[in-house]
There are 2 protein chains.
Amino acid sequence: MLIFRGTPLYLAKITITLRKSILDPQGKAIHHALESLQMNSVQEVRIGKHIEMKIDAPNKEEAVLVTETACKKLLANPVMEDYTFSVEKISEGFGI
Amino acid sequence: MLIFRGTPLYLAKITITLRKSILDPQGKAIHHALESLQMNSVQEVRIGKHIEMKIDAPNKEEAVLVTETACKKLLANPVMEDYTFSVEKISEGFGI
């Protein structure tokens, strides 16, 4: 079957991290586990989320806008978390 | 208090993602929630982990080795997950 895709496809890679002032018990637990494995050179561990979204958009600006909106409205908690993201085109708008 | 740090400090940023063949129910749930918010241009969502580690190491090769070992031994499940990482120097080895 030929799927005709009218618009390019973008891949957004989002990283959500806890703010520096927020304690990270999950990171502390991993740090402790690493110490149990004799990996004592590790000083601090912090855990965040990595989210990949495929977005249909006519141009990169539109894909960035969708990603920004998704982060603000749903993915990140603005009180406790910071987010960064990158957007790249992964396919052109033609039949695949 | 002056803390004398003998070796440079490196920051490793690790991204752990589920392999393509593994279903991602958490990603599906977020995709569904985005659709409820009328963000229909998002085609697929996949969730992974982002881990930041600060590592005391005499050089970058050593810091990379520690990160690689931590990923293999503890952080990633080699059957279901892939990992990528970058390592950068964030401070020289002098008193801070």
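A search for C-beta distances below 9 Å between a residue of segment B:48-65 that is within 18 Å of B:ILE16 (Cβ to Cβ) and of a type in the set (Asp, Glu) and any residue that is part of a strand (DSSP E or B) and open to solvent by 70 Å² or more (accessible area, probe 1.4 Å), counting only pairs 6+ apart in sequence or on different chains, returns B:GLU52/B:LYS13. Based on this model, can you work out whether A:ALA33 counts as farther than 15 Å from B:VAL45 by Cβ and modelled with pLDDT of 95 or more? Here the answer is yes, as A:ALA33 does meet what is asked. Checking the structure you have, find out if any residue of segment B:2-23 is assigned to a helix (DSSP H, G or I) and not polar (S, T, N, Q). Within segment B:2-23 (the criterion being assigned to a helix (DSSP H, G or I) and not polar (S, T, N, Q)), the answer is no, since none of the residues qualifies. Summed over segment B:28-85, the residues that are at the interface with chain A (Cβ under 9 Å from one of its Cβ atoms) and either open to solvent by 70 Å² or more (accessible area, probe 1.4 Å) or not polar (S, T, N, Q) (or both) give a count of 30. Residues in segment A:72-96 that are in contact with a Pro (Cβ under 9 Å, 6 or more places away or on another chain) and not in a loop (DSSP other than H, G, I, E, B): A:LYS72, A:LYS89, A:ILE90, A:SER91.
One residue stands out among those in segment B:1-27 that are among the hydrophobic types (A, V, I, L, M, F, W, C) and under 20 Å from the mean Cα position of the chain (by Cα): the one that is surrounded by the fewest Cβ atoms within 10 Å (Cβ to Cβ), which is B:ILE22.
The values are calculated or read from the model by the stated rules, or taken from the named source; none is laboratory data. Because the structure is a prediction, the values reported are computed rather than measured. Every residue, glycine as well, gets a Cβ built from its backbone with ideal geometry; the counts of neighbours run over all protein chains shown. Heads up: the accessible areas ignore ligands, DNA and RNA and are worked out on the full protein's heavy atoms, side chains in. Shrake-Rupley method; radii C 1.70, N 1.55, O 1.52, S 1.80 Å.
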